[in-house]
Structures are given as structure tokens and as C-alpha cells.
2 protein chains.
Amino acid sequence: MYSFPVGDNGRSPPAVLTIAGSDSGGGAGIQADLKTFTALGCYGASVVTALTAQNTKGVQDVHTIPPQFVEEQLQSVLDDIPVAAIKTGMLSTADVVHTVARALLALRSAPQQQPYPPIVIDPVCVSTSGHTLLEHDALGVLVDELLPLATVLTPNIDEAALLLHHLKPPHAPASISSIGDMLRAACELRCALGDGTAVLLKGGHLPRGGARLADVVSASAESAGTAPYWISGVECEGMVLSCVPGGDPPDAEILLRAAGADPTTAVDVPIAVDVLCERDGGGKGKCVCTLFVRPYLESKNTHGTGCTLSAALACALACALARGEPLVEAVKFATMYTHHGIATAFPIGSGHGPLNHMHALFSRPLNRPTPRDPYPLVRALIRSNADVWKQYVRHDFVRQLGEGTLSRERFLHFIKQDYHYLKYYARANGLLVAKSSAYADFAAAAEIVLAVVRERKMHVAFSAQWGIDLAELESTPESPACTAYGAYIMDVGMQGDAASLLMALAACLLGYGEVGLWLMREAERPQSRVRIEDNPYRKWIEDYSGEGYQAAVKVGIERIEALAVHDPPTPKTLEHWKTIWGRCTRLEKGFWDMAMELS
Amino acid sequence: MYSFPVGDNGRSPPAVLTIAGSDSGGGAGIQADLKTFTALGCYGASVVTALTAQNTKGVQDVHTIPPQFVEEQLQSVLDDIPVAAIKTGMLSTADVVHTVARALLALRSAPQQQPYPPIVIDPVCVSTSGHTLLEHDALGVLVDELLPLATVLTPNIDEAALLLHHLKPPHAPASISSIGDMLRAACELRCALGDGTAVLLKGGHLPRGGARLADVVSASAESAGTAPYWISGVECEGMVLSCVPGGDPPDAEILLRAAGADPTTAVDVPIAVDVLCERDGGGKGKCVCTLFVRPYLESKNTHGTGCTLSAALACALACALARGEPLVEAVKFATMYTHHGIATAFPIGSGHGPLNHMHALFSRPLNRPTPRDPYPLVRALIRSNADVWKQYVRHDFVRQLGEGTLSRERFLHFIKQDYHYLKYYARANGLLVAKSSAYADFAAAAEIVLAVVRERKMHVAFSAQWGIDLAELESTPESPACTAYGAYIMDVGMQGDAASLLMALAACLLGYGEVGLWLMREAERPQSRVRIEDNPYRKWIEDYSGEGYQAAVKVGIERIEALAVHDPPTPKTLEHWKTIWGRCTRLEKGFWDMAMELS
């Protein structure tokens, strides 16, 4: 899979350059290329060779750019940006083709270019709407100067026929109208171009019904039986032929049946096929062909399909090259990206609409941490119900405790209930161990269990100091507010995953830390009414503001953030986390209401 | 939050048009705009007003486009694509400004334009590197013809000063170098422009230290106390002033402390501030100002910041307009998108690098369902370990059962163990009820419990037929292969969420469906060796290939797909699901190995 978790690992994404025309309508040209680069996580640069006044209905006019200015743009990009792959599209005139070829040749010769970036040449000649996008006299320059530099050439069947007429007039096909024709044409073209260039012949323009799954099946000895969508390693007319399927997996008739399809006629469905022809690795110059098969889509939203495919291929090569992956994998990725772009296209304009370039994206609802913003998730949680958070951490109970005016009765009622609550909290951390998978997480939760056991000792000591013994602590009936909070945490732990449980445990840990810091800061203000030395609740304040508890708060914050770094939450997941956080802060406030009301 | 789940709901994303220059380096101009549109899920169209040969080091050359061809591009776009918002950037010459103004005025007058799309004007005059991007004589045309059409004008402080010198020479500020200067300049500018136009004055170019958090705090009566990052509703020099904070939430000293910051000096941190000045709704023409505050970022990657901000604002307005949201929300979104683009920028080129436009994206590892591909998740699961799936659904046990040659001993061993396994399966579905939240999900899982209870009857009947009574079924010791599978499902149920448990339950449901279909299809082939009527296992085959079981398979497949539609899995989540699916298919194969080995 080609996906670039941009910036997550601190590395730059690969830069990809398009050299092509501009489509004002946004569906093709550098616009389609830049959208594709962005959707695939690559950094896009672009050299504009021509402007078109264009929309989904056609090309209304073309403004050509002087070759000199194309060259200036090329220099600006190549002098400064280390491109990992290049694609070319509409080049318009012989002069522009010549200019581009010269710049790419110079790039190849530049000593700092190691490895030399792969080049995808989309030999754009005529638009879908019939507009000439490459002047006739430019074809020779394209063939002689530019194609020898290509890593992959991506013609459609019309362009392949045109190129073959130019390259091999005697062998040129009258037409390309079947998979067999495509295989022959791809091989003729590859052999004519020399050893460094692979040919990806796009079959999307075959007449509907020109390719059916049965055509591919019939070429395969292995697949005659039960697996209509799966063919591999069959010999075909002297070429090595294999097939990358884009349909259902083998042995999965349940999928056909669930979709209401008839498995016995599945081989009759029309398909779209691209043919990749490469030179074999054995040095014999034999053609190695791969078919890329997927269901044929009846759609008028195909404007920019060729641009998108070659752009996606450039992105995949920018990445594949670095990882040593075969060309077939990059082509497979690019054809499927393009296929799904057509499959999910939305209506724009009244003519041939564009593909959906954004089908493989979704939005992060949360920024990743940066040095200036290390805790975006905790910030988002607190912001998500800031009012209730404030009612919790600035509760009258807390305020009176800080001023030393809180009645003993209320404090003791709180301590007794908190004694019960801590049992839930310990048990929930035990449940967290059971729901975790890594030893570090086991240890973290177990440490909290032990910390709770220690915290309980503080409660026992406090209580003793005010004349309440352990038996009374244990036998005090649990208040509904305590049960609500404790049982809610256990329920979240039972129902969801470890991350949800961690959220349920956070409001208590973090809120008491905030209360501790605030009370200590208030106590230390010169104008403070009560000196901390005189506050009967001094130890409570010192415990929660102290180094030990604050270190636990920091660990807790960082553990929560680590969840979002490890697996960035989807909008739904973040909403779920906020719901749990919100309910827990409300239950925390309710806990102090309970103490104030002695309920 | 502005995010467009593109195509998920079958609706088109809003189309946004940029009218601007091209930056070959890809960091600014229409390139930054198209990247922003794509990253925010909008469809981008673009009218190119000028080409630059440009990189991160500066603008090397400019090629202007004839106004006539700018007009042709505008016509192509506006004739065909219903734009939901427009932004303008570099307009280069007076003629181009005039051409654009005329086209936008005509658009406003067009009867079909209801509502009229919001227009964001970024008055690009000079590049960061000092290159003139708007000819001097164009300023008057900009002010007289274009600015009256703006919904929002987004100058930086230099551009604001330039515009004020042109508009109100006597009142123009000598310089804008503080937040106070910015507030005054924004109001002067807004009042000069008329009632329809809001001004967003960008403060990123204030000298470092020109704005500190304390400056904002000091303007606020409310915030003198405890909440340095939170200000609202204060009166300032006769204007209504409020503040959208971009830092930590209030009452969250724990975050400062965890980050190692000193809370007492937090107000001294340098900040970046943008000022939005709008006309109040009360009709008195009073200025309503909002400050957008976030930490100042020391970065050389600021190339294209202005383009990005205005592009993001156009996207937000395209969406906000439809939802009736206030301008402040759109501006808040755009400033924070831009801020995080700087905060997460990666190094490209040797000069002022671009922002990271892709910071808010991640890749879907799974395509969304389409009519031609309704079950992408189940397909991905089966493909993810197709070998083991085949070993499971084409197991020798299955093959022999289909041929009627399976030994009675093996079949009965299987039935006895399956009897035990079904208890786990029923319990796991009970657990699934407990882990679900919706009544429909309760019902679906409970139906499966009831189906298992019925399936058990079939086992009892089978066994009786072969001389095994219920007591023997119950007392047969459970095999390790059965325990491994059953207990694994329960463990997944205990440890994870409902989705994980659903994955663990899928391999059994789907695999038996596939086995049933395959066996029945084999039995029905003319060349089949055993007629179904003669197969001792006929009833077993008929049960799993029958309508009832196949309907349950279809429901199961659709329930699994619904998970991914409801909340598209992240790459990590999909990997997790594949792991569970993979382990279960392996345990299924092990179950049949057990039967064959009588182990």
C-alpha cells in the first residue's frame, strides 16, 4: 500500500513534478496531477506548458507558453527541489517537447541525481473531447528525444496506434480493439522503444464489451475451473503473461451471491484492462506482460483519467523506487486508485465530469502533537466541555477546602465515599491490564493499582485523625453518586476497548491534579486569606499538588496523547472519547455535589 | 469543524474557484490553493492569471497572461461549474484586475446565482521574497472595482498600510507594529470599504515580540485572574472586541506543568494574532472585532501562508454559507488550518519552504463500497490471507464430505466438537449484545444466539441418527482445537470492542456459507461422482447451502461492511481486524484438521 503518513515521522514526503497543461475546470492537467499528489501524500511541483480554457464540456481555447518560459520554470524547480519522480502530460508543441527533453537529459547527467528519478510519460495527443493537444510535427520530437528517457510510457489505445504508425509503419495495427490486439501493440511498442522503457497500454477506451472476463479466463490454463477472477503465470503467444485481478477474491462465491450476482455468468461481465509490458530480467529482451483487470464502469465521469493514472503512477514510483518494489506493484496501485476515482466520482459540470481524487482520504479531527502543542488530545477533551470541567475543578467544595472553611462533616462524607470509589478505580485498572496487549501497558495500569492502594492509606489515616475507624469506612453505605461514577467506569471497561477505558479513567486523574495545583497556587498568593500551615486540609492539598501525584498526571497525559499518535482517532472515535470524558467530568462534579449536599 | 466526507453521502463536495498565479515550486499560488481545497475535501477549479518561475528561494521570472485569456478561462469555469466560493490571489496587472472584477460583477447579476458565492480577496502585492506581484497602477482598479465585491479582504500588515495610503491618505498609519495598530487599521479599512466587506488583517508579519499574550490579557477586564489564554467580550476603544484563543484551554495548569512551562511567565510568550473586523448586525455600522490568537511559530517555512489562509477561508465559507454559520467560525478554522500547516511543515528546497497542506489528512486503507464493489471490507479480509482461507473452505474434510467418502468416525468427531464450539459461539453473541449500544444490534446478536440453539438441534438429530445420544454429546471431552477457537473468540470479546468481536465471529459464519455453496455446486455438476440424494451428509450440505443459512451469511457480510461505512477503519484498525480474521480462519482450518486426525 502506498500511503505517506505525512510528517508523522518527521520526514518529508517525496516531491513529484508534473510538466503539463493547466485545465481551468480542474479535472485534468496539472490540476488533476496536484490533486492526486496531495491525495497520495506527495509534495507537488508543476511546470505549466500550456493553459487551456476548459470545462467538463470540452476545451474552449489553448494559450501556449513560450518554450523559454517552460525552461525557466523547469530550472526553478530542478535547481531547488529534489524531485523523486516526474510525469509529463500535454506538451503542446515540438519546441516544448524539445525543451523538456533537454532539461530531463541534463538532469540525468547531473552528478547529484542519484538515483535518477523515474519518469512517466503520458503521450497526450488528443483530448477526450477531440481537441488536439500535441501539434502534429511534435510527434517525431516526442519519439526521438523524450520517449528514450521514459521509465514508463502510458498511451491509450489511440495514442499507441499513432505512435506505432510513426515508429513501425509496416507493423502498425489497423486498430486495437481486443485484449489480444492490446498485448501485441504493447509488445511492439516496447520493443521499438528500447530496453529502458516499459509500456502501460490503457484499455479504458476499448469499445464496451471489447473485453470480458471470459477473454482473460480463456487465456489461462489454471483458471478454467473455479476461480474466474484469478489468473496467474500463463503463457500467451510467446510472452510471459500474468494478471493482477481487481475483482473478487477466489473461493468467495458468498460475495457474488450476497450481491445478487449469478456466479455462472460472472465471466460475461465487461472488464477494463490495462496491459503493462516490461523487458524480462533475464537479459533475453523478451516481453513480460501483466494484465490489470477490474470491472468496467459505465460512467461519463472520466475527464482526466489518463492524467490521474500517470500522476498516481509517478507517486507510487517515487515511493516504490526507495523501497525496491517492482513496477507491477506501483501500476496496480495507480490503476486501482484511478478505478476508484471513477467509481466514486460526483457530478460536477454538465459534460464529462472529473474523477473523485479524494476517495482515499479522510480528515483528522485532531492535530498531531508539535513541540509548541504537545497535548492536542487532552486540550480537545478539556475544551469539549470546558464549562463542566470548570464546575468540577473550581467546585465550591474545592474552594472551601482551599480556604479551610469546608465543614468537617462534608469533608468526611467525601472521604468515606472516595474510599468506596477508589475500589472501583483499582478494579478498573485491573480490567485495563486485562484489556491491554503490551507489557508496558500492563505495568502502567498495575502501578496505578498500587498507587490507589497507597492513596487509600491516606484516606484511612485522615479518617482516623477525625475519629473514624476502618470498620466505619468499610460499612458506610455507598452513595448513588459514587455508584454512578464507579459503575460507569466499569461499564465503559466492559463494553469498549482499552482506549475507551483509559478515557474513563482520565477525568479523575487529571482533575485532581488541576485542583491540587490551583489550591496550592491560591494558598501561596500573598493576599491569601488562609496560610497553608493553618489549613486543616493541608495534607490533602499537598498530596495532590506534590511531585508524586503531578508526575502521575504527566504520565497519564502522555499516555492519552500516545493513543492518538499510535492510531489517530477518526471523527467518530474522537466523539466517543469526548462523550466518555464528558460523562466522567459530570460525574466528578456530581461527586462533590454529593459531598456538599451530604447526599 | 469543516470536513467533507467526500462522496460518502453521495453528494458533491462544494466547488471552489481560485483566480491567481501559478507557482512552479508548488508552495504558493494556485498550487497552494488546489492543495488546500483537496485537503479540505473541496473540488478545486483554477483560473491562471500569471505564471511564475519560482521556488523556495524566490520568484525568478513572471509570465503574464493576456486578460483576454483570463476572461476565457473564467467563462469556461463559470459557465459550467456551480462555484460555492471564490478566492483571488496574484492578479498581476490592472487589466487582469479589471477583467476579473467585470466577470465577478456579471456573476453577481446572473439570475441563476442564488445564493451569490462568497468572495475572498487576498490583495497580493509583493511576494515574501520582495518580488512585485501587482503592478503599481493596478492598485486603484483593485480598490475601485474588485474590493467592493469582496466578502472578506485578507491583507497582511504591509498590504493594509498600502491600501490605507491609497484609500485614506490622511488617516493612514505610519506603520502597523502592535495589536493596537492592527485593530485601528482593520477598522479604518473596513469603514473605508463599505458595509458588505469584512477585513481579516493578518498579523504574522508583526515583528517578533510585537505581540505577546500579555497584550491581549491587558485588554481584558475578565481575564485578569486565572485564565491567561481565554478572553471574551471586552470593550476596546469603542469597538466590540472578542478573542478566539488558539492556546491551552482555561483551568488547565496541568498542561503547562506537564510540558515543563512556567505558568507564571506564560503571558510573556510571543503570539501570532489576526484581526477580523466586521460590521455589527445592529445596523449602526459599528466595527465588531475578533482577535484570533495562537502561539507564534519561529519558522522559515512560511512560503504560501497567505494563499493557504485565503484558500482555507474560501472552503470554510463554501460550507459555512450553506449551514448559516458565522464568519468568525470560518476564520477560526482557516487560521488554525494555516497555523498547523506551518507547525508541521517539512523541509523542501533551500529557501522559505512551503506549509504542510496535508496535515489534517490520513489515508483510508479501504475503499468505500460502490454498486460494483459492495463488500470491500470482506474482500480485503479474504484477500489478506487467501491461502489459509482456501485451506479452510476447500479442506480435505469438506471435499470428502461432499463426495460422501468422509468416514463416519471423523464426521461424528467433528459434530461432537462442533456441539461444544457452538456453546462458545452462542455465549460470544451474548457478549456482543452486552458490548453493543443500539437496539438493532442487540436484536441481530440475539437472533444469532437463537439460530445457534436451532443449529444445535440439527447436531443432536444427526448424532441420534448415528447412535449418539445427548448425554454422550455433553460428556465428550472438548478437544484443544475446539478450546483454542472458542476461547480465542471469547478473549477477543473480553479484550476489545464490539467491532473486534464481530470480526472474530465472521470467519465461521462466512466460511460455512462458502463451503455450503461450493459443495452444492459440485454436487449439481453433471460429471459429479456422487448424487446428492446418495450422500450420507446430504442434510448437512443442504442446511449450509440453503436459503436460511445463506440469508444469515448475507446479513453477516452487510453487518461487517456497515462497520466500515459507519466509521471507516484507520490502517491500524484494519490491520487489527485482519489479524483477528486471520487467526480465526487458521483456527477453523485447525478444527477440520482435528476432525481428520481424530485429535
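Readers should treat all values here as calculations from the given coordinates under stated rules, not as data from a laboratory. It should be emphasised that the depicted structure is a prediction, and the values quoted were computed from it without experimental measurement. With ideal geometry, Cβ positions are generated from the backbone for all residues, glycine too; neighbour counts draw on all protein chains shown.
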Most packed first (mean Cβ within 10 Å per residue), the peptides B:384-394, A:345-355, A:524-534 order as A:345-355, B:384-394, A:524-534
Once normalised by the length of the stretch A:85-162, the mean sequence separation of its alpha carbon contacts under 8 Å that are 6 or more apart gives a contact order in percent of 42 percent
A:Pro526 label points, 7 Å along Cα→Cβ, one per copy: pairwise distances from this copy to the rest in nm, shortest first?
10.6
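Starting with the highest mean, order A:254-266, B:142-154 by the number of other Cβ atoms within 10 Å, averaged over the residues of each peptide. Mind dumping the intermediate values first?
Working: A:254-266: 16.4, B:142-154: 21.0.
Put in order of decreasing packing, that is B:142-154, A:254-266.
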For A:Thr579, inter-copy label-point distances (7 Å, Cα→Cβ), nm, shortest first, read 2.5
10 Å Cβ neighbours from other chains, averaged over peptide A:431-438:
1
Using the Kyte-Doolittle scale, which helices in chain B average at least -0.5 and also have C-alpha atoms spread 30 Å or more along the helix axis, with helices defined as whole DSSP H runs?
B:439-465, B:498-524
Partner shielding of B:61-67, as the mean number of partner chain Cβ atoms within 10 Å, equals 3
Among A:Cys482, A:Ala101, B:Leu201, which residue has its Cα positioned farthest towards the positive end of the charge dipole of the protein assembly as shown, with +1 placed on the Cβ of Lys and Arg, -1 on the Cβ of Asp and Glu, and the dipole taken about the Cα centre?
A:Cys482
Listed residues B:Phe346, B:Leu406, B:His63: farthest to the positive end of the dipole of chain B (Cβ charges):
B:Leu406
Could you compute the net charge surrounding A:Lys35? Neighbours are other residues with a C-beta less than 13 Å from the C-beta of A:Lys35; K and R count +1, D and E count -1.
-2
What are the lysines whose alpha-carbon lies under 22 Å from the alpha-carbon of B:Lys300, with same-chain residues fewer than 8 places away excluded?
B:Lys35, B:Lys57, B:Lys202
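I want the local charge near B:Gly516. Using Cβ-Cβ distances under 9 Å, sum +1 for each Lys or Arg and -1 for each Asp or Glu among the other residues. Could you put the intermediate results ahead of the total?
Numbers: positive: none; negative: B:Glu514, B:Glu542, B:Asp543.
Taking every Cβ under 9 Å from that of B:Gly516, the sum is -3.
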By average Cβ neighbour count within 10 Å, what is the ranking of B:78-84, A:302-308 from highest down?
A:302-308, B:78-84
Counting only DSSP beta bridges with both residues in chain A, tell me the antiparallel percent, nearest 5.
45 percent
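Taking only the C-alpha atoms, wrap a convex hull around the stretch B:124-195 and report its volume per residue in Å³ as a whole number.
Residue-normalised Cα hull volume stands at 96 Å³.
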Rounded to the nearest 20 debye, what is the charge dipole size of chain B about its Cα centre when +1 sits on each Lys and Arg Cβ and -1 on each Asp and Glu Cβ?
1340 debye
Label points for B:Pro115 built 7 Å along Cα→Cβ; distances to same position in the other copies, nm, shortest first, come to 5.3
Here are some pairs, B:Lys87/B:Lys286; A:Lys390/A:Lys589; B:Lys416/B:Lys457; B:Lys457/B:Lys539; B:Lys416/B:Lys539; A:Lys589/B:Lys332; which of them have Cα atoms lying more than 19 Å apart in this structure?
B:Lys87/B:Lys286; A:Lys589/B:Lys332
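Within 10 Å of each residue's Cβ, count the other Cβ atoms and sort B:Thr570, A:Thr338 from fewest upward.
Going from least to most buried by this count: B:Thr570, A:Thr338.
Just the C-alpha atoms of chain A: what Rg/Rh do they give, with Rh taken as the Kirkwood radius? Each step should come with its number before you reach the end.
Working: Rg = 33.7 Å, Rh = 28.9 Å.
Answer for chain A: 1.17.
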Is there a simple number for the mean count of other chain Cβ atoms within 10 Å of the Cβ of residues in B:547-555, and what is it?
2
In deg cm²/dmol, rounded to 500, what helix-only [θ] at 222 nm does the protein assembly as shown give when every DSSP H run of at least 4 residues adds -39500 (n - 2.57) and the total is split over its residues?
-16500 deg cm²/dmol
